[in-house]
Every structure is written in structure tokens, then in C-alpha cells.
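Asker: Sending over a structure as C-alpha cells; questions will come in a sec.
The values are calculated or read from the model by the stated rules, or taken from the named source; none is laboratory data. None of these values were measured; they are calculated from a predicted model. Cβ placement follows ideal geometry from the backbone for every residue including glycine, while neighbour counts extend to all protein chains displayed.
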Amino acid sequence: MKFKIVLVVLLVFGLSSVGMADVKTTNKALPVSKQAQSIKKQDKKKVSNVTRMMAHLSFASEAIDLKLKKPALKNLAQAQKLCAVLEKSSPEFIDEGIYKFGKTTDVIENVSRDYYVPVFDDISLNGQFDEQSIWKKNPKVDAQGFAIVQSTLQLNLKNVASSIASAEKLIKADKFADAGKALDGIFNEALISQEVVTDPLWTVNANITLAREFLEGGKYESAHFALKAAKSDLEKIEKDNLLKKNGKDAKKLSGEIDKMEKSIDKATPSMLTKIKTDLKAWAKKVKSWV
């Protein structure tokens, strides 16, 4: 019997380098009110489990590429537990939800790779990043950027569970390249179609939220990219006559983000705490503009 989840997702990422569909550019954005309506129609716990499972698969994927056995296995074990919960409670269910994923393009040992980090306003991933210090100022990781994409995601839970089990065995045998391919298979099968979303009213919230998540995980280079993208979004809002009611606030926030982006690398722990608090408040503020 097949177990399948079909999710309609908004992804905060760009095309993967491993066999993804062609990307189309669109200015379309789903209104926040419509996102909320969609979430009310589904079991929020299932949404949380799917989001967390995908997060751990992403963390495991980059740990594999860095040949870090312990964090790779730990994240795969957590993803497998969540997959088992979904299989038990939701066999053959079709779930329509609005999701956001952050995609970073990192170069590791001269190879460009894409990774996906879920970002969801109502499901906090705080605490999921505590173990991810492997990326903080890691000289092997060179962050190159990210984009925002709208996509349809399909998950066959039986296949996901099988791929995770295969990856675990391969990692234990120090076959990291093969383990990485096993996880690539999950994302290749899951991501059906993709469109780049450029509407600044939608992307600014996602980029600010994503910057905070990156700081939680110590991915400072990626946080820089997210904040610069947010600043660009705010500048577009400021100059758009149709969005002029938010122009003054956008200009002010753009200046504050510019100062923040330049201070991250020299920030003390207490300063970083304030930065993350500010980002949370700003994300909420720009979301109200939609």
C-alpha cells in the first residue's frame, strides 16, 4: 500500500542542482489571510511533523556533504521518527497546506549544493538549530545565496522511510557520497514544479524570518544573504506607488536592516539576542502589510 502526502507549498529557496524541474518566475503571492484559512483546514500537528521532518532531512544532507557522521545520523534518526508518526496517523492522506522553505546554495569542497530549511510563521523551529553549530564559521562552507520559489511537494512516506534507512547504513559504512544520493532522491521525488516568487510584500516577511532562523543555526553567511534580500524587498516597496502606504515604514526598516547586516559578524551574544528579537518583531510587522 502506498503512503503519499501531497502538499501545496510556498518555498523560500531556489532550484536544486540535482534534477529539479525548470523554474518559472512569477510575481504571484498567496495572501496571508488565505494562508491562515488553509492552515485551519488541516491538522496543525501533521503540518508541524512534515515541516520538522523536512528540516532534519536538510540538516542531515549538509552534514553528509561535510562528512560529519554524528550530526548526520542524529538528524536522520529524528526524521525517521517523524516519518513513522506520519505513516501511522496519516496513511494515504492528501494534505493541502502553505509552507515556506529556505533554500541556501552552499559550496562545499568546490561543489555547489542546495539545501532546504523550512520557515513557518506558526510553527517555531527554535531548538531545532541548537545542534547545528557545525556550520558556524565552518571554513568548508561557502554560502552563495538563495531565492524564493513556489512549488508543489509530494511525499511518498514509504519511499522516504526507505531512503532514510539506506542513508543511515551508508553513513555507518563511511559511504557519504552514496548516502547523499539517497537523500537527493527524496527531494527529487518530492519537488514537482517550481516558480520563483518575486512579490516583495510576500518575500520580505520570508527573508526576515529566514535570517532569524539562519542566525539561530549559526549560518551567518546565509543570514547576510537573507537580510540583503529583505533590504532589496523593502526598497522595492518604498518605490512602488501601489504600495506607498507602507513606503515610510519600509524606508525606515530598510535602514535598520542595513545597519544590522553590517554588525552581525562583530555582535556579542547579547547583541545577537537583541537582533533575533528585532527580526521577529519586524517579520510580524511586514506581514501585516499584506
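Asker: Consider the range 261-277. How many of its residues are part of a helix (DSSP H, G or I) and farther than 15 Å from L210 by Cβ?
Answerer: Within the range 261-277, residues that are part of a helix (DSSP H, G or I) and farther than 15 Å from L210 by Cβ number 11.
Asker: Next question. What tally of residues in the range 216-260 results from selecting those that are outside any helix (DSSP H, G or I) and closer than 19 Å to A143 by Cβ?
Answerer: 3
Asker: Determine whether D174 is surrounded by fewer than 16 Cβ atoms within 10 Å (Cβ to Cβ) and either aromatic (F, W, Y) or assigned to a helix (DSSP H, G or I) (or both).
Answerer: No, not satisfied.
Asker: Here's something else I'd like to know. Would you tally the residues in the range 185-200 being assigned to a helix (DSSP H, G or I), modelled with pLDDT of 85 or more and more than 16 Å from the chain's Cα centre (by Cα)?
Answerer: Residues flagged as assigned to a helix (DSSP H, G or I), modelled with pLDDT of 85 or more and more than 16 Å from the chain's Cα centre (by Cα) within the range 185-200 amount to 2.
Asker: Can you tell me which residue in the range 265-290 is nearest to K219 (Cα to Cα), limited to those that are among the basic types (K, R) and out of contact with any helix residue (DSSP H, G or I) (no Cβ under 9 Å at 6 or more places or on another chain)?
Answerer: Looking at the filtered set, the residue picked out is K266.
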